[in-house]
1. Look at the stretch B:65-88 and say how many of its residues are more than 19 Å from residue A:393 (Cβ to Cβ) and either in a helix (DSSP H, G or I) or within 11 Å of chain A (Cβ to nearest Cβ) (or both).
2. Anything in the stretch A:406-443 that is under 31 Å from the mean Cα position of the chain (by Cα) and of a type in the set (A, V, I, L, M, F, W, C)? List them, or say none.
3. Consider only pairs whose beta carbons are under 8 Å apart and that are at least six residues apart or on different chains; among these, list those whose first residue lies in the stretch A:447-471 and is of a type in the set (D, E, K, R) and whose second residue is buried (at least 19 other Cβ atoms within 10 Å of the Cβ) and in a helix (DSSP H, G or I).
4. Does residue A:91 meet the test of being under 19 Å from residue A:211 (Cα atoms) and under 25 Å from the mean Cα position of the chain (by Cα)?
5. Quick one: which of A:365, A:372 is under 21 Å from the mean Cα position of the chain (by Cα), closer than 30 Å to residue B:81 by Cα and more than 7 Å from every other protein chain (Cβ to nearest Cβ)?
6. Of all the residues that make up the stretch A:485-543, how many are touching a residue at least 60 places away in the same chain (Cβ under 8 Å) and within 12 Å of chain B (Cβ to nearest Cβ)?
7. Taking the stretch B:21-42, which residues are more than 9 Å from every other protein chain (Cβ to nearest Cβ) and more than 11 Å from the chain's Cα centre (by Cα)?
8. Is it the case that the stretch A:185-198 has a residue that's assigned to a helix (DSSP H, G or I), of a type in the set (Val, Ile, Thr) and touching a residue at least 24 places away in the same chain (Cβ under 8 Å)?
Amino acid sequence: MSVELGHFAAILAFTLALAQCGLGFTAVAGSPALAASARAASAGALAACAVAFACLVAAYVRSDFSLVNVVANSHTDKPLLYRIAGTWGNHEGSMLLWCLIATGFAAAAARFSQHLEPALRARMIAVMGIVTAASLAYLLFASNPFLRIADPPLQGADLNPLLQDPALALHPPFLYLGYVGFSVVFAFAIAGLLGEGAGRDWARAARPWAIAAWCFLTVGITLGSYWAYYELGWGGYWFWDPVENASFMPWLAGAALVHSSIVTARRGGLAAWTALLAIITFTLCLLGAFLVRSGILTSVHAFAVDPTRGAAILAMVAAAGIGGLALYAWKAPKAADDAEFDLLSRESALVVNNLALTVSCATVLVGTLYPLFAEYVFGAAVSVGPPYFNLTFAPLMAAVMLLIPAATLSAWRRAALAPVARRLWVAGLAAVAVAVWVGLQPDAALGPVIGAGVGAWLVAGAVTDLVVRAGGRGFRPQALVRLPLRVHGAAIAHAGLGLLAIGACVELGFRREQMSPMAVGDTVLFQGARITLERVEADEGPNFYIDRAVLRLEGPGGPRLLMPERRFYPAANQPTGEVAITSTLRGDLYVAFGETLSQGDGPMRWSMRFYFNPLINFVFGGALLIALGSALALVSAVRNRQVATP
Amino acid sequence: MSAAGLFVAAALAASPPALDPRQEQRAHGLEMEIRCVVCEGEPIGQSNADLALDMRAVVRQQIVDGRTDSQIRRYFAERYGDDVLLRPPLSGSTAALWAFPFAVALVAAFALVSAHLRRRARTRSLAPEEP
């Protein structure tokens, strides 16, 4: 019964979204009553979507195997947490989550935009109505999770065991909060272009949404990357895989958007460019969904693939992209751009930042899609992997990062080099010192040395920025506390990016791995530690069997036990691995329990893979600092969304 | 996974040739550039597939035998096709791929400079404003 209620609620949400769109556009003429009903429709769509989502979650919790979707993705032995998370661990359920988040953003944007000019507000609500109606139409007509099965089985097929993990339970919601969050910015941009109002007010109103979406996307990507690190058992965290790139492209475009909107909101400049970025970013979000869901590119992360659905998403990508860009081409030349600035100025630095981020985003896009292109155009099979991205993307990002400390200390409109250089020489020395120190390590390569130096330059530059703003030589801690939140946010995010760069480059250049066949009692030496295989034991989890290796590690930091596991999920008939990680300041020692080696006679031996990942926690910690910094900037942007900053 | 395949993998994995640190570095670099042909877009350095283990052992053996990096790359490309290389070699079908980032960066730089030149006349008399 509740399944039909959910199905009905989803249909109701769809019709309310259509009503929101129609009422919004008719309210542009100025009727407050119509505008209020458009807002009410958006709130109703959210409520209906929440009911639909709750009904599907309930079906998963009850293990209602009369639903095709539950049969395909759940199992009664699965722990409650993963029965709930399983709701969005599959295509249909994740699309319902997408719709819930979209209606949530639409209702929130409609509710918290009372300071906007009424026509702009009505148009924005209408465009959000199009976004949510399209999402719900896709849900109902192409991926309906509420379909019943005629002959319900007694048991389900289980969720892919790799996805039965806390980080992966949270990864899709955060990713979708990011993707869909950019739809609000997109709606603002379209509304602004329709009404020829894509100026400072528009950017100031849209900026909090852009920052929020970008912050969520940062957290989502970090969770996914951390999951890949400890769950996939290869010691790596980022593989330049098509699905990773699919989420990374909107992140890069979103980073450009977050920065260009500073210029638009504070200075009135780059208004048209900011609107263009808003359109591009949301189109890339939809393109990401298309690449992941259609299975057009092979990927290690594609868990819910169905080529027949690709066409529908592609149509949405085309509608958002081509429609948005056409509107842009028609209206943007008329957008006012009253900011004037010199080549050496904060604005100019932000323009360079934007160009470099856009070029790196385009590079990732081309690298990701090139195998398809080469196959269709040249009939040639081409693989584009990490070496390509390391050679093209990394130098571009290094160039952006070199600029950041100087940019944050530059004046608006016209800056001079001398004062900036005078303030930054200490940071420069720190960067060189770190680069030299990394260069003195055995087997140092040029890339990691430069990368670590650039990262240190960013961290030192962020500290310098705070110190200078808190009085420079007359530095006072009270002044530091009283600095605006956006200044703290920028410094924390930039320092986080620097730490991420240091961690990524050091990890890439100095990671070590060793594969050792071990019998019980064997000892291997790895990275200054003696590691002994004490025993291999069998155990059982809630819905899986365990082979657990118990290894004793003796090394700097005292003796520890490492217990990597191999798991077997009988319901899904699939093995997985659980690595053991021990973290120190220097990095992670990481053990994966490999295959059983049949060596004829003699004792049983297992393949143990050891990885040393130096400074890997700088990568995840840095990414979290970026998210924290953007959260602080969000608070600041919410406060400033209507007050003109001097 | 056949029993024979497992045995081959086990035998090779059990006897990887001993490499000095510099050779180990080279082997690792190559393993990140060669695609595991039974996986979905993963380098052999990051795959647990039996075939990846075999391919890694081949890389290491060839390093011990004194072959250069480009000889080893060519060895794999000849057997599995160019798409075994994750760093696509420059050719007619990959020229656009490699040229793209540089071309776009040039266009961006050109756009930046021309926008500046257009703006220059207007901004000559601007006063600085502190952040």
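1. Qualifying residue count, the stretch B:65-88: 16.
2. Residues satisfying the conditions are A:406, A:407, A:409, A:412, A:427, A:430, A:431, A:434, A:435, A:438.
3. A:465/A:405; A:465/A:408; A:465/A:487; A:465/A:490; A:465/A:491; A:465/A:494; A:469/A:487
4. The answer is no for residue A:91.
5. Checking each option against the conditions leaves just A:365.
6. The total comes to 14.
7. Those that are more than 9 Å from every other protein chain (Cβ to nearest Cβ) and more than 11 Å from the chain's Cα centre (by Cα): B:23, B:26, B:27, B:36, B:37, B:38.
8. Yes, the stretch A:185-198 contains at least one residue that is assigned to a helix (DSSP H, G or I), of a type in the set (Val, Ile, Thr) and touching a residue at least 24 places away in the same chain (Cβ under 8 Å).
The values are calculated or read from the model by the stated rules, or taken from the named source; none is laboratory data. Computed from a predicted model, the values in this text were never measured in an experiment. FYI the Cβ positions are ideal-geometry reconstructions off the backbone, even for glycines, and counts take in every protein chain you see.
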